[in-house]
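Have a look at the structure below, then the notes.
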Amino acid sequence: MIRLSPFSTDFAASKRKFFRSSTNEYSYGSRSSTSCKKSRLSTSCTLFGSAFSPTQSGKTYLVACTSNGLICVWDSTGASTEPIIRVEATTADKVLYDVQFIESSGDTLLVVSGDPGILLYKWSAFLNAMDNLIDGNVVLEPIAKFKPHPSPSDAFGEPVEINCTSYSAVDNMLYGGAGDAFGCYQWDLRSEKLVGTFGGAENNRCSGDYLHDVLSIPNNNHLVLTAGEDGAITFWDGKERKLIETMNVQNTMNTNKQSVSWQAQNKGFGSTQQWSSGSNLWVSSMDNKGDWLAAVGGSESGNNMSLRSGPNTAGFMATWHLPTRTFNSGSVTRESYNAITYNQNLDSFVSGGNNGRLTFWDSATGECTGRSGCTPSMIYTLSCNTVPSMIVAGGTGGSLDCFIDRVKASNFTT
């Protein structure tokens, strides 16, 4: 990471920062300098990214990446709670933050991002490894690696990490959100070359605001959205790499109070109140259902700048109409959120964060329709599968809960 977080001056804050649980369970202690196999299998790791594989020959796999450099693969049927294989993608002191499956040039590819940049694997290599498994831990070479621009921090051994990725199948472009002055990077998968960045002085985006999510919506005029610690959702023309509009979420919700609801458990807010000017709002995650965008995050206040659940801290879930870029609805909550995803079977957005539970939101109205408790006290990743219908939630403790609709059915461990 090329800069320290504005909210702290310690080493941990120089890496990706999330909202803490009320018990402060999460720390970067899982980033142990030791690389022995025992530490790689420790349940003290944190799961930051997850995805379901495409179904092939009637089989669907669940994939997740960890804070100690592993890619874990499970049988999604829950036949075993243990991974079938663990791929040592990088050294144990490097964190992996995101995984996703894409289809490119006839191949199913697994995109993994984190401290090493972006690692691109053929999914067939994983399938072959599982078919010829001897040892549960394997090393697979990626077919390509993408790294952001060199950073002064490299001299101190600190890479510029890629926190999140999004893929445009229309033009075969891969986007990666980072924490440096360039913000979002764009690579052409055909040439495996860096095409450009969404940042820099030409776009007045050189403040180094840390990106937590990037979302490509290629069928909507090559639209690319970025979001992070500046508290804004920024709209870009992905083809021209030009800034379209920046929407500050805090200002938007403060000026549209008639469309914002305050959850009952959040006693620190009332229907006429606003976020204070001293709040530091983050946008942590986004997803869309067609023309409707949902985003979640949280705010923090206080001189010690620690993220905690309390009367001065609140999160949000908000929706927008993408074609018109107009605010639709919002909810202020006591908890802060790290992840959101759309579930087609429930026609709901599902969020998770520092309260150890899933929250379900009606995709049309943005209203909260229910909650389900989770094993991880802090949720960092959510993924949905359509057939069979499943939701997985992962985070602290190195485990993932699997839900059938809204009912917890099983648990996967690393």
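Examine segment 354-374 for a residue that is touching a Pro at 6+ places or on another chain (Cβ under 9 Å), part of a loop (DSSP other than H, G, I, E, B) and surrounded by 21 or more Cβ atoms within 10 Å (Cβ to Cβ), and state whether such a residue exists.
Yes, segment 354-374 contains a residue that is touching a Pro at 6+ places or on another chain (Cβ under 9 Å), part of a loop (DSSP other than H, G, I, E, B) and surrounded by 21 or more Cβ atoms within 10 Å (Cβ to Cβ).
Pick out, from segment 233-322, the strands (runs of 3 or more DSSP E) lying fully within it that include 3 or more residues that are modelled with pLDDT of 95 or more.
Here the list reads 282-289, 292-298, 315-321.
Consider Asp347 against the criteria (1) at pLDDT 95 or above; (2) open to solvent by less than 20 Å² (accessible area, probe 1.4 Å): it satisfies all of them except one. Which criterion is unmet?
(2)
Take the conditions among the charged types (D, E, K, R) and modelled with pLDDT under 80 and apply them to Glu202. Does it pass?
Here the answer is yes, as Glu202 does meet what is asked.
When both residues are 6+ apart or on different chains and their Cβ atoms are under 9 Å apart, which pairs have a first residue that lies in segment 387-414 and is free of Cβ contacts under 8 Å to residues at least 24 places away in the same chain, and a second that is hydrophobic (A, V, I, L, M, F, W, C) and in a strand (DSSP E or B)?
Between residues of segment 387-414 that are free of Cβ contacts under 8 Å to residues at least 24 places away in the same chain and residues that are hydrophobic (A, V, I, L, M, F, W, C) and in a strand (DSSP E or B), the close pairs are Ile404/Met390; Ile404/Ile391.
How many residues does segment 39-74 hold that are open to solvent by less than 50 Å² (accessible area, probe 1.4 Å), of a type outside the set (Val, Ile, Thr) and under 21 Å from Val387 (Cβ atoms)?
So the count comes out to 9.
How many residues, within segment 104-122, are in a loop (DSSP other than H, G, I, E, B) and of a type in the set (S, T, N, Q)?
Count: 1.
The values are calculated or read from the model by the stated rules, or taken from the named source; none is laboratory data. Being a predicted model, the structure only gives us computed values, none of them experimental. Please note: Cβ atoms are built from the backbone with ideal geometry, for glycine as well, and neighbour counts cover all protein chains shown. What goes into the accessible areas is simple: the full protein's heavy atoms, side chains included, and nothing from ligands, DNA or RNA. Shrake-Rupley method; radii C 1.70, N 1.55, O 1.52, S 1.80 Å.
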